[in-house]
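Report on the structure given below.
The values are calculated or read from the model by the stated rules, or taken from the named source; none is laboratory data. Computed from a predicted structure; not experimentally measured. All Cβ positions, even for glycine, are placed from backbone atoms using ideal geometry, and neighbour counts span all protein chains on display. Side chains are part of the model used for accessible areas, which takes the heavy atoms of the whole protein and leaves out ligands, DNA and RNA. Shrake-Rupley method; radii C 1.70, N 1.55, O 1.52, S 1.80 Å.
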Amino acid sequence: MATCTANEEAGHEDSILEALSFPEEEPPGGLAVGTDQGPGAEALVCPLCPQTSPLSEAERVLKHLLLDHKLVVADVKLIADLPRYMSYWKGRFLDQPLTEYCSVIKTNSEGPVEKQEFYFLLCDVLPEDRQLREQLQQRRLEETLDQQQRERDDTSFQRVCMFCSEEFSGNRASLLNHMAREHAFSVGLPDNIVYCTQFLDHLQMKLDSLQCLYCEKPFRDKTTLKDHMRKKSHRRINAKNHEYDRFYVINYLEMGRSWEEVQSEDDRDMVDPADDDWSDWRAHPVRAVCLFCEQQAESMDRMYSHMEDAHGFHLRQLKTRLGLRFYQQVKLVNYIRRELHQCRCYGCQEKFGSKEAVLQHIMAAGHVMQLPAPSVWDQPQYFFPTYENDGLLCVLVDSEEEEEEEEGRGPAEGVEQRDVPVIAEDMSDLKALRDSSVLKQLLRNPQPSLPRTRWS
């Protein structure tokens, strides 16, 4: 799990800008905000103050906007040109206040007034913002196509093949076709590639560092690397590695859509309905990660047992004692994960220098089952997961679901079932029921009359 940052900025140590990732997971790929995707890269200006930063420090600028100005820019990775986007809104914010353009979010609305904060969300729900994003996307596409055309017309290209010593000059397609034909290394059609020189430099850098181009595993020498790539058929790039996306024109066509989405839409009409057989489907099990360590389990029962035996944390008892519904359990899990990530005891709020130290304190002080008042952790911000793809949130069970499962199982062995339901007769054919009734037979065979009595 993520460890604590020792040199956090004063006053901002509780800020988590986005969902964290467990150690075994990689953060989602995509075009990085701070990556120079072509010509026209500029410095980033803060739209609300004079601060200026290079594009490579985009994450720091976004953190500055959130912490110092309470401004959140939605879907930053879908903005084609972040410097121009920031410059545009800097001019607009000089004319009108933030509330004219941004949605206002009030946090801790049910708490005391002094703890309430207002955040501003700038997103494409605003027609002006949507139009700006589309214009920047169109401008980037035009610049990319212009760059691609210049590369097609360029006859000064000169480069040595990265797999052999043969040198190529003239059009770049001759080198790319040679690598595909002679070395079985194909990166696609040359006409689909843009920023080709940067692309080849990036591939050459990986080979010079003795790194496989597909699996990116490092090797001790060039001979071993070549044998590995040949035997494993790794003379190709990994299509799932999004650092290559900026070198393919298809990724610039539509805002917010990757080449996989565009290609899947094109191939949708080619799918044969007869092949729609899911009999061999093998779903990957959801693995839940412990709140206190990196132990994993595929079921909630196993995770319950592990946390109870190893850490003395009884989530089932807390759920029963506090009457927690599903979404309250989600908030509690996210709250505990967040506090431990901040190296703070969730029971007494004491801060420590490392996660190991706070875990030792929790065990020694007996704070494992000690929770603060619900008003502390039962807050809307804990709907959002602290860790991305947190499997523990997927296997939590609502109390009503458990009751339904218990009812579905029926009585346990050796236990008498009570309140057996009485099923009514089928009344669809009343005439047949009357004809076959016992009363009918009694009427046909009347019994001898009894002697009259004085009470008759």
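Tabulated data
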quantity	calculated
Some residue of segment 92-102 being of a type in the set (Lys, Arg) and within 23 Å of the chain's Cα centre (by Cα)	no
Residue among 397, 376, 368 that alone is surrounded by 10 or more Cβ atoms within 10 Å (Cβ to Cβ), at pLDDT 80 or above and in a loop (DSSP other than H, G, I, E, B)	368
Residue match in segment 226-245 (condition: modelled with pLDDT under 65, open to solvent by 70 Å² or more (accessible area, probe 1.4 Å) and part of a loop (DSSP other than H, G, I, E, B))	no
So residue 142, is it surrounded by fewer than 14 Cβ atoms within 10 Å (Cβ to Cβ) and in contact (Cβ under 8 Å) with a residue 60 or more places away in the chain	no
Members of segment 178-206 found to be farther than 19 Å from residue 244 by Cα and assigned to a helix (DSSP H, G or I), listed by number	178, 181, 182
Matching residues in segment 163-181 - criterion: being touching a residue at least 12 places away in the same chain (Cβ under 8 Å), loosely packed, with under 13 Cβ neighbours inside 10 Å and within 18 Å of residue 207 (Cα to Cα)	164, 166
Residue that is among the aliphatic types (A, V, I, L, M), surrounded by fewer than 15 Cβ atoms within 10 Å (Cβ to Cβ) and touching a Phe, Trp or Tyr at 6+ places or on another chain (Cβ under 7 Å), where the choices are 160, 104, 72, 113	104
Residue list for segment 182-216, restricted to those being more than 24 Å from residue 152 (Cβ to Cβ) and either open to solvent by less than 50 Å² (accessible area, probe 1.4 Å) or in contact (Cβ under 8 Å) with a residue 60 or more places away in the chain (or both)	206, 207, 210, 211, 212, 213
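Rundown of residues vs (1) farther than 18 Å from residue 389 by Cβ; (2) assigned to a helix (DSSP H, G or I); (3) open to solvent by 60 Å² or more (accessible area, probe 1.4 Å); (4) touching a Pro at 6+ places or on another chain (Cβ under 6 Å), yes/no style:
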position	(1), (2), (3), (4)
292	yes, no, no, no
306	yes, yes, no, no
316	yes, yes, yes, no
321	yes, yes, yes, no
333	no, yes, no, no
337	no, yes, no, no
349	yes, no, yes, no
353	yes, no, yes, no
